[in-house]
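A.B. asks: Quick one: the structure is below, questions incoming.
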Amino acid sequence: MAKNRREQGLTGGLQDTGPLRAAARREAAGSGTTELDAVNGYLSALAKERVKLRASLDQSGTTGTSVSERLDVVNSYFETHRINVEAEMTAEAGEPLGTPFDDWKRESDECLADWPMRVSLPIGGAMIEPSVADGFMARGVRRRLRRKARRGIPRTFSEQPLFRFRCQVRIAQLLSIHSLRLRKLLFEARQTLRSELERFKDELLVSASLGDESYWEKVSAIDFSGACAVHQRKLEELTLRLNDDWRQCVEDTCGDIDRTFDDYEVHAAIAGTALHRRWKYRHSSSERLMRRLPKTYARDRAQWMSFEQHFLSEWLKDIHLLRMQMNAGKYYFEILAIIDRKCNEKLYPLVEETTDQVSSVAAKVEQAKELQTRELQSLIKTENRLLVKGLREK
């Protein structure tokens, strides 16, 4: 009996779209949350590492730790970035295929199964009232509608095809666009993070090459703790901005969804009349559009994923180069410390001892200057032979 009633299409009014409106808003709010959680988790991990980094650098400043040890601490911080970027590359490559409107399509189809195919409603209201904006054709249509209203003739229209055309397909399109907008938002956040890491690295190393002083002498004078504090503040601002932009994007999409449902209700009021003829919402048109959507989304998503993989690989390369630069600085100062220690332990004492011996020989020669030339030459040769022999042995 219910099936026959749906086929005849007789009902007392339009179906309630409230549950479907709520479902569409849930889809928009839940879309991309996995990716957002991953990026927020990444930023949270960096926040913990920044706390350790700043504490280590502050301790280095108070205990007089060598520059190589401070560079080693910074290098371990960038190692955390490398691990997270590699994890993101793996997650992006293994992300399952699908469309962001699959759940919406399934839920709306289930609701439409209980909707009548055709709806019969009385003619009246604003659709039959003349308007100063009406043209010649519209005035004629409204006159005919008023005659039908006086005779009590109802209007009928296909509610399911109208909903599919005006709401189901349009919201699926909105969810597709929303998903790509969120991906773009996450990409911009990664891009900002990459730029900030580059700036942080420049502040630590590259900018030290400016000026007349030696490069490594300026590195030794860098305020590591101050640079880390600025870096921490900028990344905190990035985290807040990302989440604010994300909420704004969801709100904008939910507003578009509400306007789509409002548009459906406006067109349902005049559907089945000459003001909105049935060919405008054919069932076949909406089905054709819905079939095309997954292909279009898959193509756009594949392009984005290819671009993101390239970006992440370039970012990973930059991190490797950055760590090589940090290691170069670390090894430079370590080797410099080794050379300085060896010189203090062996070379400088030997030079001092040799200087004393040379001074002693010079004193002997000075005292023997009254001797004959041959005797003086013999003395000089003897002292020279003893001095050279002693230096060679040492």
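A.B. asks: Quick one: would you say Leu197 is in a helix (DSSP H, G or I), modelled with pLDDT of 85 or more and in the same structural domain as Arg282 (by TED's automatic domain parsing)?
C.D. replies: It is false that Leu197 is in a helix (DSSP H, G or I), modelled with pLDDT of 85 or more and in the same structural domain as Arg282 (by TED's automatic domain parsing).
Per-residue answers, yes or no, for (1) among the hydrophobic types (A, V, I, L, M, F, W, C); (2) surrounded by 12 or more Cβ atoms within 10 Å (Cβ to Cβ); (3) more than 15 Å from Ala274 (Cα to Cα); (4) outside the structural domain of Val266 (by TED's automatic domain parsing):
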residue	(1), (2), (3), (4)
Val119	yes, yes, yes, no
Met127	yes, yes, no, no
Ala133	yes, no, yes, no
Ala138	yes, yes, no, no
Arg146	no, yes, no, no
Ala149	yes, yes, no, no
Arg155	no, yes, no, no
Glu159	no, yes, yes, no
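A.B. asks: Moving on to the next point. Give the residues of region 1-32 that are modelled with pLDDT under 80, of a type outside the set (Gly, Ala, Ser) and part of a helix (DSSP H, G or I), sorted by residue number.
C.D. replies: Selection gives Lys3, Asn4, Arg5, Arg6, Glu7, Gln8.
A.B. asks: Hey, another quick one. Find the helices (runs of 4 or more DSSP H) located wholly in region 99-184 whose residues include 3 or more that are more than 51 Å from the chain's Cα centre (by Cα), and list them.
C.D. replies: The qualifying helices (runs of 4 or more DSSP H) are 136-151.
A.B. asks: Got at least one residue in region 306-318 being hydrophobic (A, V, I, L, M, F, W, C), in contact (Cβ under 8 Å) with a residue 40 or more places away in the chain, assigned by TED's automatic domain parsing to the domain that holds Ala172 and more than 30 Å from Phe101 (Cα to Cα)?
C.D. replies: The answer is yes, given that some residue of region 306-318 is hydrophobic (A, V, I, L, M, F, W, C), in contact (Cβ under 8 Å) with a residue 40 or more places away in the chain, assigned by TED's automatic domain parsing to the domain that holds Ala172 and more than 30 Å from Phe101 (Cα to Cα).
The values are calculated or read from the model by the stated rules, or taken from the named source; none is laboratory data. Please read these numbers as outputs of a predicted model, since none were measured by experiment. Virtual Cβ from ideal backbone geometry, glycine too; neighbours counted across all protein chains shown.
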